[in-house]
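The values are calculated or read from the model by the stated rules, or taken from the named source; none is laboratory data. Quick caveat: nothing in here was measured; it's all calculated off a predicted structure. Using ideal geometry, Cβ is built from the backbone for each residue, glycine included, and neighbour counts are taken over all protein chains shown. Quick note on the areas: whole protein, heavy atoms, side chains included, nothing else; ligands and nucleic acids left out. Shrake-Rupley method; radii C 1.70, N 1.55, O 1.52, S 1.80 Å.
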Amino acid sequence: MSEKLDILVFGAHADDAEIGMGGTIVKHTRAGRRVGICDLTFAEMSSNGTVELRRQEAEAASAVLGLSMRSNLGLPDRGLFRTDEHIRRIAAEIRRWSPKVVFAPYWEDRHPDHIACSALVEEAVFNAKLRRYMPEMLPTTVSSLYFYFINDPGRTDLMVDVTDFYTEKEQALRCYASQFTGPGQNADAVDTPLTAQYVERVKARDSLLGQKRGIGYAEGFASRLPHEIHLFD
C-alpha cells in the first residue's frame, strides 16, 4: 500500500501544475506536507520537445518542488474524454494515495485537455468514495477539491501567498526549457503560445493577484463549494 499524501495535484500534462500552483506546492512541501502530482498524459502531441525530454524535465521540476511522488497515467494526449476507463484510472490513483485534498485544472481554459482533465478529476473524486465502485480497492473520501488556473484565470475563491517561494516556482518552470524557449534559443523549436514570454506572463498574473491583498505573489484557486468559517475576525 502506498504511503498517503496530504495533497494530490492532477494535470493533463507535465508543467500544468507548476504553472498553476508551483508556489503553493513548494510552500506545502517545505512545511512538511506530502504532495504528489499525477500527469494524465505524456504530452506526446506537444509541438516542441519529445516524450523522453518532457519526462526528464518533469523529474527535474519535481526535485525543485520537493514532491513525495510523481506519476503518469499514460492516457492519450488530445484524447482525454469522459469515459468510464479514464474516470476509473484517475479514481484508482486517488484511492492509491488517499489524499486529503485534490487539485485539478480550472474548468474553463483555452486548451481542451485542461477542461477534460478538470471534468475527469471531479467525477473521479466523487466515484472514489463509493464503496461499491471498484470494490477491489478501498474507498477514499477527499475532504476538498480545488481548481487551479493555467492559461485563463477565472473566478478566484481563495488565494495563497507564495511570495517567499516564488523563486522556486520560476526555477521549476524553467526546467521545462523545451516548452518555454522558442526558435531563437532552440533551433529545433517552433513558435507556440508557450514560447512567447509565457513564464513572464504567469509571473505578471501572480503578481497582479497578489496586489489585491498587498502581497508580492499569489496563486488563486476556485471551488465548487462555499467555504465554511465560524467567526469573522
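A few notes on this one:
- Annotation: the antiparallel percentage among DSSP beta bridges lying fully within the chain is about 25.
- In percent, rounded to a whole number, the relative contact order of the range 50-179 is 33, using alpha-carbon pairs under 8 Å and six or more apart.
- Measuring nothing but how far apart in sequence close Cα pairs (under 8 Å, 6+ apart) lie, relative to its length, the chain scores a relative contact order of 24 percent.
- 1.4 Å probe accessible area per residue over the range 120-233, in Å²: 60
- Pairs of lysines in the chain whose Cα atoms sit within less than 29 Å of one another amount to 16, provided the residues are eight or more positions apart or on different chains.
- Loop-resident sites, the range 193-233, for chymotrypsin sites (Phe, Trp or Tyr not before Pro), counting at most 15 other Cβ within 10 Å (DSSP): Phe232
- Along the axis of the charge dipole computed for the chain (Cβ charges of +1 for Lys and Arg, -1 for Asp and Glu, origin at the Cα centre), the listed residues Leu73, Pro153, Gln185 are led at the positive end by Leu73.
- Fraction of accessible area attributable to carbon and sulfur, the chain (%, probe 1.4 Å): 52
- A simple spin-label model places the labels of Ser207 and Arg155 2.9 nm from each other, with each point 7 Å out along Cα-to-Cβ.
- Mean residue ellipticity (222 nm) of the chain, computed from DSSP H runs ≥ 4 via -39,500 (n - 2.57), nearest 500: -12000 deg cm²/dmol
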